[in-house]
């Protein structure tokens, strides 16, 4: 698949959709963590009735698999756009772009109203620089 490059305007237009996708990813990640914790407790607990334990663990494992499928779908939606999800928890996303002739990554953090920073390809969030107006 060819790499997709964004202008600042194109990336900004995509932010409302990206915000929704991130919200879903974060919600699913939280649910998966909670279910995994419960599942570990169930597996480590000693039940008098093995049948009850087996049914409970099977149900949780099935729910976790479904959450995983949903998570991957939302992740694929982001990746198909050409954006690069860097951190689900912090909501960090990069958009490949050019500033002049230099290839860069437009950098956006969940909660920011618009893209106002970028960084080099080998730099991360810590190397963000403001876009010039």
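Quick note: the coordinates plus some simple rules give every number you see, no bench work behind them. All values derive from a computational prediction rather than experimental measurement. Every residue, glycine among them, receives a Cβ derived from its backbone with ideal geometry; neighbour counts consider all protein chains shown.
In degrees from 0 to 90, rounded to the nearest 10, what is the angle of the helix 8-44 Cα long axis to the longest principal axis of the chain?
So the helix axis and the longest Cα principal axis differ by about 20 degrees.
How far apart, in nm, are the 7 Å Cα→Cβ label points at residue 61 and residue 40?
1.8
Given the -39500 (n - 2.57) contribution per DSSP H run of 4+ residues, what per-residue ellipticity at 222 nm results for the chain, rounded to the nearest 500 deg cm²/dmol?
Rounded to the nearest 500, the figure is -19000 deg cm²/dmol.
Could you tell me how many degrees, from 0 to 90 and to the nearest 10, lie between the Cα long axis of helix 50-81 and the main elongation axis, the longest principal axis, of the Cα atoms of the chain?
10
How would you rank 62, 44, going from fewest to most other Cβ atoms within 10 Å of each one's own Cβ?
44, 62
Report the relative contact order of region 8-130, percent, no decimals, based on alpha-carbon pairs under 8 angstrom and at least 6 residues apart.
RCO, region 8-130: 20 percent.
Provide 78, 99 in ascending order of the number of other Cβ atoms located within 10 Å of each residue's Cβ, fewest first.
99, 78
For residue 10 and residue 75, FRET efficiency with R0 = 25 Å and r from the beta-carbon atoms, rounded to 0.05?
E(calc), rounded to 0.05, equals 0.75.
Using only the Cα atoms, work out Rg/Rh for the chain, with Rh taken as the Kirkwood radius, to two decimals.
Rg/Rh: 1.17.
Would you give the gap between the C-alpha center of region 94-119 and the C-alpha center of region 23-43, rounded to a whole Å?
So the two Cα centres are separated by 32 Å.
Please give the FRET efficiency for residue 123 paired with residue 26, using the beta carbon to beta carbon distance and R0 = 25 Å, rounded to the nearest 0.05.
That gives a FRET efficiency of 0.50.
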